[in-house]
Every structure is written in C-alpha cells, then in structure tokens.
Amino acid sequence: MKPVGLDHIVLTVASVEKTILFYTEVLGLEEVTFGDNRKALKIGEQKINVHQFGAEFFPHANTPQPGSADICLIYEDGIKHIIDSLSKHNINIEIGPVNKTGARGAIKSVYIRDPDQNLLELSVYE
C-alpha cells in the first residue's frame, strides 16, 4: 500500500454547536453539513467530522472522549496575525510562539485549547 494523504479525522465533543461556533468564528474553519445532517469542519482539502459524545456515528473509535485530541492546524497568516486574532476573541495562549517541526519543515506555533480542552497547535511554516 502507498498512502497519499489524510482525508478526515473525527473529533468527539460535548457540544457540536459550541464546537462548530468556536472553530468557525475563532479559527476560521468552514462548517459543512453532509449525510443525515452530520457536521464537519473543512480546512483546505481536509475535514474534521464532529461527533456528539454519547451519540457517535458507527463505526467509531474504541473509547471516544471529548478533550482527548491534539491537533496542529496550518495557517498562511503570519504568527503575529494569529496571536492578534486570538487576542480579539479573548483566547488564552498556553505556549508560544515557539519553533517546532511540522510535516514539511520548520513551523512557528502557538498552543490553545478548544471548548473541550483539546490541545490545538496553530502554526505557520517559516
């Protein structure tokens, strides 16, 4: 087998509505509705499917839990723009900016938490 990319991941959340609002209003992802009124968040050519905790779509992970994800999102904006935008939304930056290594090389990152306390790394390739 020869993998060529990542299509989607699934985020299990306490509130689909709060999650959609946070990821669209604060982080700039696009809300997508598909199938039987299912929700997802589009970012570039990938998406994050959103499952309500306790009502997950089958099949699902063995032990889906809100707050168990650690995700890195790549932005084209400069890191200062990301920091300024987070500040406007009163979002606490836990760590950063710091230098890290992404899949394609050096990135500059800040770390925040979403409404379920998932760790989000917001990054820019240098």
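The values are calculated or read from the model by the stated rules, or taken from the named source; none is laboratory data. Everything numeric in this text was worked out from a predicted model, so none of it was measured. We place every Cβ from the backbone using ideal geometry, glycine too, and count neighbours over all the protein chains shown.
Below, the figures for the structure above:
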read-out: Check on V32, in contact with a Ser or Thr (Cβ under 9 Å, 6 or more places away or on another chain), β-branched (V, I, T) and either assigned to a loop (DSSP other than H, G, I, E, B) or at pLDDT 95 or above (or both); value: no
read-out: Count - residues of segment 92-117 that are under 23 Å from L11 (Cα atoms) and out of contact with any helix residue (DSSP H, G or I) (no Cβ under 9 Å at 6 or more places or on another chain); value: 7
read-out: Criterion: under 22 Å from I107 (Cα atoms), in contact with a Pro (Cβ under 8 Å, 6 or more places away or on another chain) and either surrounded by 10 or more Cβ atoms within 10 Å (Cβ to Cβ) or not polar (S, T, N, Q) (or both) - qualifying residue of I83, I9; value: I83
read-out: Count of residues meeting criterion [assigned to a loop (DSSP other than H, G, I, E, B) and among the charged types (D, E, K, R)] in segment 85-126; value: 5
read-out: Filter result for the condition that a residue is loosely packed, with under 13 Cβ neighbours inside 10 Å and either of a type in the set (D, E, K, R) or at pLDDT 95 or above (or both), over N62, N90, N37, N49; value: N90
read-out: Residue under evaluation Q117, criteria (1) touching a Gly at 6+ places or on another chain (Cβ under 6 Å); (2) surrounded by 13 or more Cβ atoms within 10 Å (Cβ to Cβ); (3) of a type outside the set (A, V, I, L, M, F, W, C), criterion not met; value: (2)
read-out: Filter result for the condition that a residue is within 17 Å of the chain's Cα centre (by Cα) and assigned to a strand (DSSP E or B), over I71, I82; value: I71
read-out: Which listed residue, of A103, A55, A40, A69, is farther than 19 Å from E126 by Cβ, hydrophobic (A, V, I, L, M, F, W, C) and out of contact with any strand residue (DSSP E or B) (no Cβ under 7 Å at 6 or more places or on another chain); value: A55
read-out: Subset of segment 57-86 [without any contact (Cβ under 8 Å) to a residue 40 or more places away in the chain and more than 23 Å from E30 (Cβ to Cβ)]; value: F58, P59, N62, T63, K80
read-out: Conditions (1) in contact (Cβ under 8 Å) with a residue 60 or more places away in the chain; (2) under 24 Å from V10 (Cβ atoms); number of the one not met by I20; value: (1)
